[in-house]
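The values are calculated or read from the model by the stated rules, or taken from the named source; none is laboratory data. Keep in mind that this is a model prediction, so the values were computed, not measured. Cβ atoms come from the backbone with ideal geometry, glycine included; neighbour counts cover every protein chain shown. SASA here: full protein model, heavy atoms, side chains in, ligands and nucleic acids out. Shrake-Rupley method; radii C 1.70, N 1.55, O 1.52, S 1.80 Å.
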Amino acid sequence: LLATHNNGKIEELCKLFEKFSFEIKTPQDFNLQEPNETEDTFEGNAKIKAHFAAKEAGLPALADDSGIEVESLNGAPGVHTADWAETKNGRDFGYAMQRLWSEIQKTNFKKPYRARFCCTLVLAWPDGHSEVFKGIIKGHLIWPLKGTNGHGFDPMFQPIGYKETFGEMNRWDKNTISHRGLAFTNLIKNCFTKET
């Protein structure tokens, strides 16, 4: 069970799991609501989501919590990454990126504006056991935005060693180097032994 209501994350995780022969379910299959994320760490919030889904559905559940941390903003927005996109008309990441860039310009920092994407995956079982896997990719933020692929802050994040932003990369190529992709690789190495 993929414990997320984010269709973009579901698509990415399904793609990453495509070599394995098991059935993937989503919260919609069980009419599960989203639990409140009350922790101040990615791991804490991922555990809330994973354990809630595993207990309610009686299946192993995988949850993700991720976000972007900006050096000049002392790690913000961090676990509040999605909150920065909230508007009265729903989430708008165009607004969120403009807000982030404006906040950076208020600081005394100069280019490069260092940032990192962080992802924590938690795989939980109905008996309460869980495993935690993390992935981090460092880079810097650019303006104006480049690319329309991906989601969230991808069009303004350029990973170290690459000339393209995440927003310019092929979505599935990005998957192999992204914070989520790195956390997923750690998950596979530690929890799965056979591909089919």
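Counting only protein heavy atoms and a probe of 1.4 Å, the accessible surface of region 50-145 is 48% carbon and sulfur.
Relative contact order for the chain: what percent, with Cα pairs under 8 Å and sequence separation of 6 or more? Normalised by residue count, the contact order of the chain is 19 percent.
Quick one: helix 179-191 against the long Cα principal axis of the chain, what's the angle to the nearest 10°, folded into 0 to 90? The helix 179-191 is inclined about 30 degrees to the chain. Output the pairs from LYS9/LYS110; LYS55/LYS134; LYS111/LYS189; LYS9/LYS138; LYS88/LYS189 with a Cα-Cα distance over 30 Å in this structure; if there are none, say none. Correct reply: LYS9/LYS110; LYS111/LYS189; LYS88/LYS189.
Accessible area per residue for region 1-151, computed on protein heavy atoms with a 1.4 Å probe, is 55 Å².
Apply the a/c threshold of 1.5 to the C-alpha gyration tensor of region 117-186 and tell me whether it is rounded, prolate or oblate.
Note, shape of region 117-186 comes out prolate.
Net charge in the neighbourhood of GLY147 (other residues with Cβ under 14 Å of its Cβ; Lys, Arg +1, Asp, Glu -1) is 0.
What does the C-alpha gyration tensor say about the overall shape of region 1-69? Classify as rounded when a/c is under 1.5, otherwise prolate if a/b is larger than b/c, or oblate. It is oblate, given that a/c is not under 1.5 and a/b is not larger than b/c.
Would you calculate, for the chain, the mean residue ellipticity at 222 nm contributed by helices, counting each DSSP H stretch of 4 or more residues as -39,500 (n - 2.57) and dividing by all residues, to the nearest 500? Estimated from H runs of four or more residues: -9500 deg cm²/dmol.
What net charge do the residues around PRO27 carry, taking every other residue with its C-beta under 11 Å from that of PRO27, with Lys and Arg at +1 and Asp and Glu at -1?
Charge balance in the 11 Å sphere: -1.
Compute the long axis of helix 93-105 from its Cα atoms, compare it with the longest principal axis of the Cα atoms of the chain, and write down the angle in degrees, 0 to 90, nearest 10. Its long axis makes an angle of about 50 degrees.
Computed with the Debye formula from one identical point scatterer per Cα of region 27-116, without solvent, the log10 of I(q)/I(0) at q = 0.17 Å⁻¹ comes to -0.81. Between GLY167, GLY128, GLY67, the residue with the greatest mean-square fluctuation in the GNM of the chain (Cα pairs under 10 Å linked by springs) is GLY128.
Here the chain was treated as a single set of alpha-carbon atoms; its pair distances binned every 10 Å from 0 give 9, 35, 36, 17, 4, 0 percent.
With a 10 Å radius around each residue's Cβ, average the other Cβ atoms per peptide and rank 103-111, 130-138, highest first.
The densest-packed peptide leads the list: 130-138, 103-111.
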